[in-house]
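What follows is a short report on a single structure.
What follows is calculated from the coordinates using simple rules that are stated; it is not laboratory data. Quick caveat, the model's predicted, so the values are computed rather than measured. Cβ atoms come from the backbone with ideal geometry, glycine included; neighbour counts cover every protein chain shown.
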Amino acid sequence: MRTWVPRRGRWTGLACAAALGLGAVAGPGCIGTTDRRDFNREIQARGGGLTSELPISAVDTVAAALGVIDFEVRTLSVTPVDGTVVLEVRDPFAPENLDRYVVIRGSVWQVEPVQLAAGDVLDAQTFPVASVALDQVDAMVDSALAEFVPDGHVASMTVTRNADDPLDNTAGDTSGDTTEEIVISLALASPRAAGTARFTGDGELIAVVRA
Amino acid sequence: MRRGKWIGLALVGVLLFFSVMTTVAVAGAIWPGEAKLTAPLFCEDDKPDAFVVVDRSNPAPGETTYDFSLYCMGRRGQTQEIGWLRPSVVLTAGHAVLIVALVGVVVLLARSWPRRRPRPWDQVSDGT
């Protein structure tokens with residue numbers, strides 16, 4: 001009869017292989033993750049991440065918070081990289097007041113009153129948010145980037161009703177009616193260039209201007 | 001009946017402990033990218049690409065913290081933040097299933113394994 005001998009070599013080999021495997025896996029650490037900087041670069045490489053969804057969801061959120069269907073704003077700013085939308089909203093129940101709503105990824109994060117200057121005339125500065133073609137943002141981004149440098153992206157979007165913008169002259173629109181117009185501005189950026197694309201409230205391109 | 005109930009609860013507790021520990025060790029330290037496996041459950045259709053984004057910070061000298069968060073991204077760069085809690089819960093459930101399967105396989109193998117041959121000292125002790 002053969003004598004039984006404990007096979008220590010097999011278990012030692014398995015233990016060594018397991019230790020080596022664990023070391024190989026745990027050594028690099030953070031496997032499968034993306035650094036925040038690289039993540040933001042990826043967003044920029046895809047155009048900046050600005051779509052209609054972000055401002056529309058923010059407007060819907062504020063409308064729901066106010067309990068109204070439409071409301072007036074003085075400015076609407078969108079920063080897609082962190083999903084932030086800032087709206088200066090004219091209180092529908094106290095039209096002499098302006099409130100700043102900060103909406104992040106569809107949730108109202110902050111509401112605070114806005115100090116008005118003596119020369120502020122809200123009737124001339126505000127506009128109904130429903131009159132802005134927010135559903136055309138994707139097309140606006142595409143046409144803006146097509147007119148910009150190849151590796152550009154949209155860093156932010158601002159909607160105002162502003163007459164004192166010198167870019168109006170570059171657009172060739174000197175009819176004098178611009179004081180009443182809504183202007184959608186897209187801030188464009190690339191590693192080597194910056195610029196602004198301006199659209200009407202309907203989403204029609206006015207001009208793309210390099211900074 | 002009552003004893004069986006307590007044993008069942010204890011087994012569930014042990015299973016929960018080991019699956020949480022596995023999630024902490026694997027997804028929290030070794031392979032955070034494992035959370036991307038849960039992306040199909042959370043990502044919207046227009047944002048199919050999953051990323052586990054890590055934020056490194058130094059709250060105190062010599063101390064580094066890592067915060068992980070699962071994001072979904074669309075072809076225009078639009079993102080959806082999922083966070084870390086929901087993927088961790090799903091991963092813990094997945095690890096629990098894996099542990100049960102692993103223990104089941106081990107038990108089945110142990111039952112089907114041939115009995116060891118008698119050792120010389122077994123025969124000696126049998127003879128005395």
- Value of relative contact order over segment B:12-99, rounded to a whole percent, pairs C-alpha under 8 Å and six or more apart: 31 percent
- For the residues B:20, A:59, what sequence is obtained by ranking on other C-beta atoms within 10 Å, fewest first? B:20, A:59
- Message: Quick check: the angle from helix B:2-25's long axis to the longest principal axis of chain B, C-alpha only, nearest 10 degrees?
- Response: 50 degrees
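Quick check on the exposure proxy: order B:79, B:65, B:23, A:75 from fewest to most C-beta atoms within 10 angstrom.
B:65, A:75, B:23, B:79
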- Query: Across all directions of projection, what mean area in square nanometres is found for the Cα convex hull of segment B:12-99?
  - Reply: 6.9 nm²
- Query: Is there a simple number for the mean count of other chain Cβ atoms within 10 Å of the Cβ of residues in B:76-87, and what is it?
  - Reply: 5
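Taking the beta-carbon count within 10 Å as an exposure proxy, list A:37, A:90, A:46 from fewest neighbours to most.
A:37, A:46, A:90
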- Note on the structure: The helix B:85-112 Cα axis meets the longest alpha-carbon principal axis of chain B at an angle in degrees, between 0 and 90 and rounded to 10, of 20 degrees
- State the Cα centre-to-centre distance between segment B:10-51 and segment A:128-149 in whole Å. 38 Å
- Per the helix-only calculation at 222 nm, which mean residue ellipticity applies to chain B, given -39500 (n - 2.57) for every DSSP H run of n ≥ 4 and division by its residues, nearest 500 deg cm²/dmol? -16500 deg cm²/dmol
- Task: Pick out, in residue order, every one of the trypsin sites (Lys or Arg not before Pro) in segment B:1-89 that is DSSP loop and has at most 12 other C-beta atoms within 10 Å; say none if there are none.
- Result: B:75
